[in-house]
Amino acid sequence: MQIIVGLGNPGLEYSHTRHNIGFMVVDAVAAKLGIKLSEGEGEYIIGTKRVYNDSVALVKPLTYMNNSGIAVKEIVEKSNIGLNNLLVILDDFNTPLGTIRIRTKGSSGGHNGLYSIIYHLQSDEFPRLRCGIASESMPVSRNELSDFVLSPFSENERDVVETIIIGARDVVMVAVNEGIQTAIRRCNINKFN
């Protein structure tokens, strides 16, 4: 089984914010694969389907961003998978809008949702797909970063956002079908900005 987790915050007030790009990518993957997401037995929404001779679970934690690790740990333990079969999709304010980066491990990079997952899993050795959200409107002060990530994308950013969601969806499809290393090679060749 492969578990694809998109990070974000539940609720309509957050649905189109920068912090929710992980949810947006999971929704795009679900639409592509015809997977319906519904409430799971824990604090997450989940949908599963047999794809390319393997089971794929798409997950959106309901624990809010800063506690994402609670839901991720629960689903990983219930599914009894190795961390190499987990792929976390998240926003990245350190990366320019329109850029996608995929890695097999690494630090949180200051992302609270990723930090929570690392803390609860007691490991940073799991794949993650970072979708860049940094733009000219990003504040210089770290104190104002929370307001920035919880703000919606501007009108003139929406075309780039749609492109990055489709690009990230396609990278996830490669990871599911051909493995994470192939997805890394393809993502590093194809720039989505």
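Kindly establish whether residue 118 is outside any strand (DSSP E or B), among the hydrophobic types (A, V, I, L, M, F, W, C) and touching a residue at least 24 places away in the same chain (Cβ under 8 Å). Reasoning before the result, please.
On the way: outside any strand (DSSP E or B): yes; among the hydrophobic types (A, V, I, L, M, F, W, C): yes; touching a residue at least 24 places away in the same chain (Cβ under 8 Å): yes.
It is true that residue 118 is outside any strand (DSSP E or B), among the hydrophobic types (A, V, I, L, M, F, W, C) and touching a residue at least 24 places away in the same chain (Cβ under 8 Å).
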Of the residues 1, 65, which single one is in contact (Cβ under 8 Å) with a residue 24 or more places away in the chain and under 14 Å from the mean Cα position of the chain (by Cα)? 65
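Filtering the stretch 68-102 down to residues that are basic (Lys, Arg) and surrounded by 16 or more Cβ atoms within 10 Å (Cβ to Cβ), which residue is nearest to residue 133 (Cα to Cα)? Spell out the reasoning first.
Going residue by residue through the stretch 68-102, those that are basic (Lys, Arg) are 73, 78, 101.
Checking the rest, the ones that are also surrounded by 16 or more Cβ atoms within 10 Å (Cβ to Cβ) come to 73, 101.
Values: 73: 26, 101: 12 Å.
Residue satisfying both the conditions and the ranking: 101.
Select from the stretch 125-153 the residues that are under 30 Å from residue 181 (Cα atoms), of a type outside the set (S, T, N, Q) and crowded, with 17+ Cβ neighbours inside 10 Å and list them in ascending order. Don't jump to the end; show me each part of the working.
From the stretch 125-153, those under 30 Å from residue 181 (Cα atoms) are 125-135, 149; that's our starting set.
In the following step, the residues that additionally are of a type outside the set (S, T, N, Q) were identified as 125-134, 149.
If the condition is that a residue be under 30 Å from residue 181 (Cα atoms), of a type outside the set (S, T, N, Q) and crowded, with 17+ Cβ neighbours inside 10 Å, then 126, 127, 128, 129, 130, 131, 132, 133, 134, 149 are the ones that fit.
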If I filter the stretch 154-165 down to residues being in contact (Cβ under 8 Å) with a residue 40 or more places away in the chain and out of contact with any Leu (no Cβ under 8 Å at 6 or more places or on another chain), which single residue comes out as surrounded by the most Cβ atoms within 10 Å (Cβ to Cβ)? 165
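With respect to residue 162, determine if the residue is of a type in the set (D, E, K, R) and touching a helix residue (DSSP H, G or I) at 6+ places or on another chain (Cβ under 9 Å).
Working: of a type in the set (D, E, K, R): yes; touching a helix residue (DSSP H, G or I) at 6+ places or on another chain (Cβ under 9 Å): no.
Criteria not met by residue 162.
Filter the stretch 137-164 for residues that are farther than 22 Å from residue 112 by Cβ and part of a helix (DSSP H, G or I) and give the result.
Residues of the stretch 137-164 that are farther than 22 Å from residue 112 by Cβ, as a first pass: 154-160, 162-163.
Selection gives 155, 156, 157, 158, 159, 160, 162, 163.
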Is it fair to say residue 31 is surrounded by 20 or more Cβ atoms within 10 Å (Cβ to Cβ), small (Gly, Ala, Ser), on the phi < 0 side of the Ramachandran plot and at pLDDT 95 or above? no
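In the list 60, 78, which residue meets the criterion of being of a type in the set (D, E, K, R), in a strand (DSSP E or B), out of contact with any Lys or Arg (no Cβ under 9 Å at 6 or more places or on another chain) and in contact (Cβ under 8 Å) with a residue 12 or more places away in the chain? Can you show your working first?
Values: 78 fails: in a strand (DSSP E or B).
Every option except 60 fails the conditions.
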So is residue 113 assigned to a loop (DSSP other than H, G, I, E, B), crowded, with 17+ Cβ neighbours inside 10 Å and not basic (Lys, Arg) or not? no
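The values are calculated or read from the model by the stated rules, or taken from the named source; none is laboratory data. Predicted model only: the values in this text are computed from it and were never measured. No Cβ is skipped: glycine too gets one built from the backbone with ideal geometry, and neighbour counts run over all protein chains shown.
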